[in-house]
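All remarks here apply to the structure that follows.
The values are calculated or read from the model by the stated rules, or taken from the named source; none is laboratory data. Keep in mind that this is a model prediction, so the values were computed, not measured. Cβ placement follows ideal geometry from the backbone for every residue including glycine, while neighbour counts extend to all protein chains displayed.
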Amino acid sequence: MSVSLWISTAYLQQSPSTDKFVALLAFADSRETFEQLVKTTFNSEQTYYQYQLAPLKAEIFFQRHGQMWLAYQANGLKEGEVRVIELVGDKPKENFASETNYLLCHQINNVKLLDRQFGHHPKVFAPDEIFKLLFPNMPTPPNITQLGWSENHQEPVFPSPVWDENTLKKDITLFGEPLPELKCYFILDANKHKLLEPESFHCRIENLFQGEFAEITKEIGPYLVEVIPYPDYKAESELMGLFSDEGAMTRFNWHEELGIFIHSRYDFDTVLHHLRHFPVMKDENGKWFFFRFYDPKVLRNYLDVIATSPEKLNKFFGYEKRIIHAFGSGIGNSFYYYQIKALPEDTRNIPIILTDFEIKGFKKSKWLETRENLMEYALQEYPQLYSEKNKHELCQNLEEGYKKGYTYEISILQYALAKQSAVKNGIDFIKLEEQVTKDNTAPLERAIKLCSLLNIE
């Protein structure tokens, strides 16, 4: 019989004054073997135990009871060992964050977008600085329509991204010297470009979803695309326009934020196989979620969340094999290029699931983005209440409304406006809010009432 992970929950009593509720994890070939292992372990420790949930194979345990976070606790578990995980409340808090930020971000600001490029042949695929970043070994094509182009063309030079020396050493160990050139890929979000026709592409393109689900999502799914900027210097790249302004009349444009770039030393299939682990993930309770990491803003927020977590970075970048060298994306008027530093040698190899750590991080990032938008709106629309001079108070009041559970963006804004109006007019806001709360339990109703009483429109 094959050995697999088994899990149960139990009550432990090492003395009359100590009583613990725990999960028990061990590798075994059957329930009987698991129970015998537990018995032997606790008899030797003179510990009384009583099962709360009968031992089950891990996959069955997760299906019935959730608690996917327990899978992490099996890391490094040896045969013949019983691991005891104390359960406090729903579950212990898994700490993924460290004190070190392992994320490297090279930023190109004030990106000058491409226009229609009349009189330019071949048309430029990307602004020079971004082009040299994505294709460091490819010369920028000269504009052959210009007189004397062969004599006057000079290859532009730009600052290179900072590399971590230890990741470079890891690359050399894995790939040898000279290092293979970085290949450029793009994940194209078909949901943002309704007229996508993958079958018309001459370069390699594959849906990240597989099988029947790939067919169902062919018009909205994420596609991995091989980026060839100048196929033969006669035909344009299928991705031409990703760096163009809206008025350029190109197939795509920068403002659509259609996806993210990827640098890798691996072939298309290896990168595809790696990325297919992430568009759909389970949370710790076994619930499935779509994870749109290929949206530039989602990627930025996600990397910010996991920047201090070696375990999460290890999985997302495929660090052990150095599958993802870097992610790149354009947001606003900037282009971001993300690499990671060398991770600790003892970094845990955890399952790919969406943890509470990440979900809370996403919520925080979303709120910070919302707060910035609300601040900008309040400063513009309510100058009688807020200005750059009391911007800090505005931030505090928005934060206070959010923590008090006003929930909706409009109600958080109304709370901040109402409080500032009360302060300016010498009104006791605490008493006013208490009065309103007695008659209005819903957050939106309370916020509307506060603004009404203070004549805020």
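Some observations on this one:
- Residue list for segment 204-232, filter: within 22 Å of Ala126 (Cα to Cα) and at pLDDT below 90: Tyr230, Pro231, Asp232
- Filtered residues of segment 18-57 (kept if among the small types (Gly, Ala, Ser), free of Cβ contacts under 8 Å to residues at least 40 places away in the same chain and surrounded by 14 or more Cβ atoms within 10 Å (Cβ to Cβ)): Ala28, Ser30
- Test for Pro122: is it surrounded by 15 or more Cβ atoms within 10 Å (Cβ to Cβ), free of Cβ contacts under 8 Å to residues at least 12 places away in the same chain, part of a loop (DSSP other than H, G, I, E, B) and not charged (D, E, K, R): no
- Single condition His274 does not satisfy, out of (1) surrounded by fewer than 16 Cβ atoms within 10 Å (Cβ to Cβ); (2) not in a loop (DSSP other than H, G, I, E, B): (1)
- Hey, Thr441 assigned to a loop (DSSP other than H, G, I, E, B), surrounded by fewer than 15 Cβ atoms within 10 Å (Cβ to Cβ) and without any contact (Cβ under 8 Å) to a residue 12 or more places away in the chain or not: yes
- Enumeration of residues in segment 285-322 that are touching a residue at least 40 places away in the same chain (Cβ under 8 Å), outside any helix (DSSP H, G or I) and in contact with a Lys or Arg (Cβ under 8 Å, 6 or more places away or on another chain): Phe289, Arg322
- Criterion: in the same structural domain as Ile228 (by TED's automatic domain parsing), surrounded by 11 or more Cβ atoms within 10 Å (Cβ to Cβ), of a type in the set (D, E, K, R) and in a loop (DSSP other than H, G, I, E, B) - qualifying residue of Lys112, Lys132, Lys169: Lys112
- Of residues in segment 323-332 being assigned to a loop (DSSP other than H, G, I, E, B) and not hydrophobic (A, V, I, L, M, F, W, C), the one surrounded by the fewest Cβ atoms within 10 Å (Cβ to Cβ): Gly332
- Selection from segment 356-385 of residues that are under 17 Å from Ile306 (Cα atoms) and among the basic types (Lys, Arg): Lys360, Lys363, Lys364, Lys366
- Whenever a residue of segment 132-161 is at negative phi, its partners that are of a type in the set (Asp, Glu) and surrounded by 10 or more Cβ atoms within 10 Å (Cβ to Cβ), lying with C-beta atoms within less than 7 angstrom and at least six residues away or across chains, give the pairs Asn137/Glu181; Thr140/Asp128; Pro156/Asp128; Phe158/Glu129.
- Against the numbered list (1) buried (at least 16 other Cβ atoms within 10 Å of the Cβ); (2) of a type in the set (D, E, K, R); (3) modelled with pLDDT under 90, Asp346 comes up short only at (1).
- Filtered by the rule that a residue be surrounded by 14 or more Cβ atoms within 10 Å (Cβ to Cβ), of a type in the set (D, E, K, R) and part of a loop (DSSP other than H, G, I, E, B), segment 372-428 gives a lone residue, Lys404.
- Among the residues listed as Phe327, Phe268, the single one being under 30 Å from Thr100 (Cα atoms), touching a residue at least 12 places away in the same chain (Cβ under 8 Å) and in contact with a strand residue (DSSP E or B) (Cβ under 9 Å, 6 or more places away or on another chain): Phe327
- Cβ pairs under 7 Å, 6+ apart, first in segment 214-234 and surrounded by 19 or more Cβ atoms within 10 Å (Cβ to Cβ), second among the basic types (Lys, Arg): Glu226/Arg204
- Just one of the numbered conditions (1) under 29 Å from Arg116 (Cβ atoms); (2) surrounded by fewer than 22 Cβ atoms within 10 Å (Cβ to Cβ) is not true of Ala307: (1).
- Boolean, Gln414 is polar (S, T, N, Q) and modelled with pLDDT under 90: no
- Scanning segment 245-271 for residues that are part of a strand (DSSP E or B) and closer than 30 Å to Thr145 by Cβ gives a single hit, Phe261.
- Positions within segment 189-244 being assigned to a loop (DSSP other than H, G, I, E, B), over 23 Å from Gly328 (Cβ atoms) and acidic (Asp, Glu), in sequence order: Glu197, Glu219, Asp232
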